[in-house]
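Here's the structure, in structure tokens; my notes come after.
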Amino acid sequence: MSSDTTPYELNTVTLPSLVLENGETLRHVKLPYERTGNQSGPVILVCHALTGTHIVKGTSEDRGWWDGLIGAGSYIDTNRYNVIAFNVLGGCEGATGPASENPGTGRRYGSRFPTITIRDMVNAQYLASGSLLSPTWKPLLEDHSGECRPWNGASCIPAS
């Protein structure tokens, strides 16, 4: 495996609002993401388990949970592909969820956080990806409950 010198980014996309499947609207929705690889290359979106984080590649100091698969010369070659992973809506590690501040009240959502669905997670990631990704996508990779998101995405995201 060659040394990985491809671009690496940890950041957050903030959506002004997100209408949930139950009709409720979340405001100022934050979705952290990790992006690495050839930013002009085809996109691979990695969907992680609900209890995971968006850190799939990581750094030499803090390795991600798929580090052995993602990198220069690896199975998912970052010299070729633009690899991105979002944290899930309602998850930990910085995504809008029960521990987040409700912008309407200034207090944590806690048990008042609305019920969300896999489809809500897909929609949030789809909307967040609009500012980051090209229309050229490769198959999505998933782990555990992450498998539900690609299938739901195929049924609710319009074809380009």
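Only the coordinates and a few stated rules stand behind these numbers; no lab work does. Being a predicted model, the structure only gives us computed values, none of them experimental. Neighbour counts run over all protein chains shown; Cβ positions are idealised from the backbone, glycine included.
Amide H of residue 108 versus every other amide H placed in the peptide plane: which residues, excluding those fewer than 5 positions away on the same chain, fall under 5 Å?
102
Enumerate the amide H contacts of residue 82 below 5 Å, restricted to partners 5 or more residues apart or on another chain; note that Pro and chain-start residues carry no placed amide H.
It is 38, 41, 43, 44, by chain and number.
If amide H atoms are built 1.01 Å from N in the plane of the peptide, which residues on other chains or at least 5 residues away come under 5 Å of the amide H of residue 20?
Those qualifying (amide H under 5 Å, at least 5 residues apart or on another chain) are 25, 26.
Rg and Dmax of segment 56-116, using alpha carbons, in Å: what are they?
Cα only, segment 56-116: 16.6, 49 Å (Rg, Dmax).
What ³J(HN,Hα) values, in whole Hz, does the Karplus curve 6.51 cos²θ - 1.76 cosθ + 1.60 give for segment 27-32 when θ = phi - 60°, with x put for Gly and Pro?
9, 6, 7, 9, 10, x
Going by average Cβ density within 10 Å per residue, which order do the peptides 26-36, 56-66, 105-115, 78-88 take, highest to lowest?
Descending packing order for the listed peptides: 78-88, 26-36, 56-66, 105-115.
With only alpha-carbon atoms counted, please give the Rg and Dmax of segment 1-86, in Å.
14.7, 49
Per-residue HN-Hα couplings for segment 83-94, Karplus 6.51 cos²θ - 1.76 cosθ + 1.60 at θ = phi - 60°, whole Hz, x for Gly and Pro?
Running phi through 6.51 cos²θ - 1.76 cosθ + 1.60 with θ = phi - 60° gives 9, 9, 9, 9, 6, 8, 4, x, x, 8, 6, x Hz.
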